[in-house]
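Visitor: Once you've had a glance at the structure underneath, I'll fire off some questions.
The values are calculated or read from the model by the stated rules, or taken from the named source; none is laboratory data. The structure presented is a predicted model; accordingly, all values stated were derived computationally and were not measured. With ideal geometry, Cβ positions are generated from the backbone for all residues, glycine too; neighbour counts draw on all protein chains shown.
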Amino acid sequence: MEIIICKTKEEASRKAADLVAALLKAKPKAVLGLATGSTPVPLYQALIKDCAAGKISFKQAKSWNLDEYWGLAPTHDQSYRYFMDTNLFDHVDIVKKNTHVLNGLAKDWRKEVKAYEAAIAKAGGIDLQVLGIGSDGHIAFNEPGSSLASRTRLVSLTPQTVKDNSRFFKKAADVPKQALSMGVSSIMEAKRIVLLAFGANKADAVKGAVEGGVSQFCTASALQMHPDCWFFCDAAAAAKLKLKKYYAWRAEEALKAELA
Ligand code: GLP
């Protein structure tokens, strides 16, 4: 695990974008795993800028998203499909049919998740997975208590996540209580993981994920077992880390070597 701690989320997002850009340059047909939430927005803005400047292209890339609210149509302004279109896909040269988000209205969720996982495998697996983190340490919608062996499935959200995400909806009662979500072990199959965490309300989650024991009560902690995982944090999200100085000491070199 490499922990990159920056002063601001913009700085951290720029560095994370450099890793995504390096992948797209080295492998134009890259398979991207993408995330929603407020956290990856500055990363997507940096990528949109790079694409407009002709530095990178998504023309041959494919993408799969982590999760989708169960019961929301793709046209719903809080669906994750809508989020991806408006925050990234509509502003870069990716081919829309190469972008995949779980269908929150699928007739048979078991069929939907099976086909989703099969399509990712057929594409060769995810080269780089972008992740945010929930305030309780969840990744995608793998809430505390989710098996670390979990695969893509229908899950129930916790009251905390419903509360956290209610800020995007007109009223808390509108937040779906279930979602389709890639599982922890599905996520762990990505060749590289780039997790972003910003703000003081993520400090406990980051602490648990990086320095806590590996446990299903903080599903992000499973990432400690991943061979190529990068955390990009702002100062507030990293504030509770015990070995902060050590991470900073080695991180610059690690990132430099990666982008050389
Ligand atoms: C939701 C998403 C997660 C995301 C989390 C944090 O639960 N399923 O993928 O990481 O929200 O959202 P935010 O980045 O807005 O704090």
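Visitor: Determine which member of the set ALA200, ALA222 is free of Cβ contacts under 8 Å to residues at least 40 places away in the same chain and within 15 Å of the ligand (Cβ to nearest atom).
Guide: On the way: ALA222 fails: free of Cβ contacts under 8 Å to residues at least 40 places away in the same chain.
Being free of Cβ contacts under 8 Å to residues at least 40 places away in the same chain and within 15 Å of the ligand (Cβ to nearest atom) holds for just one of ALA200, ALA222, which is ALA200.
Visitor: Also, quick follow-up: Which one of these does LYS242 not meet: (1) assigned to a helix (DSSP H, G or I); (2) more than 14 Å from the chain's Cα centre (by Cα)?
Guide: (1)
Visitor: Moving on to the next point. GLY132 - would you say it is within 14 Å of the ligand (Cβ to nearest atom), over 17 Å from the mean Cα position of the chain (by Cα) and crowded, with 17+ Cβ neighbours inside 10 Å?
Guide: On the way: within 14 Å of the ligand (Cβ to nearest atom): yes; over 17 Å from the mean Cα position of the chain (by Cα): no; crowded, with 17+ Cβ neighbours inside 10 Å: yes.
Answer is no for this residue.
Visitor: Could you grab me the full set of residues in region 138-159 that are near the ligand (Cβ under 10 Å from one of its atoms) and under 21 Å from ALA200 (Cβ atoms)?
Guide: Residues satisfying the conditions are HIS138, ILE139, THR158.
Visitor: Okay, next question. I'd like to verify a number: residues in region 88-125 that are touching a Ser or Thr at 6+ places or on another chain (Cβ under 9 Å) and not basic (Lys, Arg), how many? Steps first, please.
Guide: Step one: of region 88-125, the residues touching a Ser or Thr at 6+ places or on another chain (Cβ under 9 Å) are 88-89, 92-94, 98-102, 104, 112-114, 116-117, 120.
Next, only the ones that are not basic (Lys, Arg) stay: 88-89, 92-94, 98-102, 104, 112-113, 116-117, 120.
Counting residues in region 88-125 that are touching a Ser or Thr at 6+ places or on another chain (Cβ under 9 Å) and not basic (Lys, Arg) gives 16.
Visitor: Need a quick list: strands (runs of 3 or more DSSP E) entirely within region 1-81 having at least 2 residues that are of a type in the set (S, T, N, Q) and in contact (Cβ under 8 Å) with a residue 12 or more places away in the chain. Break it down stepwise before answering.
Guide: Numbers: elements: 2-6, 31-34, 62-65, 67-69.
Per the criteria, 62-65.
Visitor: A further question on this structure: Could you tell me whether LYS207 is surrounded by 24 or more Cβ atoms within 10 Å (Cβ to Cβ), under 27 Å from LYS242 (Cα atoms) and charged (D, E, K, R)?
Guide: On the way: surrounded by 24 or more Cβ atoms within 10 Å (Cβ to Cβ): no; under 27 Å from LYS242 (Cα atoms): yes; charged (D, E, K, R): yes.
So LYS207 fails the test.
Visitor: Among the residues of region 111-126, what is the count of those that are touching a strand residue (DSSP E or B) at 6+ places or on another chain (Cβ under 8 Å) and either under 23 Å from ASP77 (Cα atoms) or not in a loop (DSSP other than H, G, I, E, B) (or both)? Let's see the steps before the verdict.
Guide: Step one: list which residues in region 111-126 are touching a strand residue (DSSP E or B) at 6+ places or on another chain (Cβ under 8 Å), which gives 112-113, 116, 119-120, 123-126.
Retained after the next criterion (residues that are either under 23 Å from ASP77 (Cα atoms) or not in a loop (DSSP other than H, G, I, E, B) (or both)): 112-113, 116, 119-120.
Residues flagged as touching a strand residue (DSSP E or B) at 6+ places or on another chain (Cβ under 8 Å) and either under 23 Å from ASP77 (Cα atoms) or not in a loop (DSSP other than H, G, I, E, B) (or both) within region 111-126 amount to 5.
Visitor: Being modelled with pLDDT of 95 or more, buried (at least 17 other Cβ atoms within 10 Å of the Cβ), under 30 Å from LEU241 (Cα atoms) and among the aliphatic types (A, V, I, L, M) narrows it down to one residue among ALA30, ALA35, ALA22, ALA61; which is it?
Guide: Values: ALA30 fails: under 30 Å from LEU241 (Cα atoms); ALA22 fails: buried (at least 17 other Cβ atoms within 10 Å of the Cβ); ALA61 fails: under 30 Å from LEU241 (Cα atoms).
It is ALA35.
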